[in-house]
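Peer 1: Structure provided below as structure tokens; questions to follow.
Bear in mind that the values in this text are calculations on the coordinates, not laboratory data. Bear in mind that the values here come from a model prediction, so they are computed numbers and not experimental data. Cβ sites come from the backbone with ideal geometry, for glycine too, and all protein chains shown count toward neighbours.
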Amino acid sequence: MNPHSAFAMSDEPDGSVRVAFEFEGSDVARVNADSRAVLAQGPAPGQGGGFSDRHAVDTVTADGSLVVMRVTPRSGAYVLSDLSSGPVLFATC
């Protein structure tokens with residue numbers, strides 16, 4: 001995982017959440033797409049349980065310096081809360 005220079009999160013009309021990260025270049029983005037895709041399906045440090053208890057990972061793609069992750073929250077789970085409680089998935093390093 002590397003520091004990102006920009007971050008955005010949006011609720012989509014279909015109920016999914018889109019998360020975008022911008023990195024210093026395409027090589028860094030590709031590595032972070034792979035590592036964050038694994039992390040997004042693993043344990044949720046500092047929160048208990050796992051991220052897979054909170055959401056399903058639909059896609060994680062790298063395009064140039066941009067990484068876009070699409071997840072679908074599980075019923076009763078809120079992806080935005082991962083920003084304030086053990087925010088390792090969205091960490092800037």
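Peer 1: Quick check: pseudo-label points 7 Å beyond the Cα along Cα→Cβ at Glu24 and Val68, how many nm apart are they?
Peer 2: 2.5 nm
Peer 1: Still on this structure: So between Ser35 and Asp14, what do we pick up on full extension, going 0.36 nm a residue minus the alpha carbon distance?
Peer 2: 5.0 nm
Peer 1: When all alpha-carbon pairs of the range 1-68 are counted, what percent fall beyond 20 Å?
Peer 2: Details: 719 of 2278 pairs.
Across the range 1-68, Cα pairs with separations above 20 Å total 32 percent.
Peer 1: Once you place label points 7 Å from the Cα toward the Cβ at Ala77 and Asp53, how far apart are they in nm?
Peer 2: Result: 1.0 nm between the two label points.
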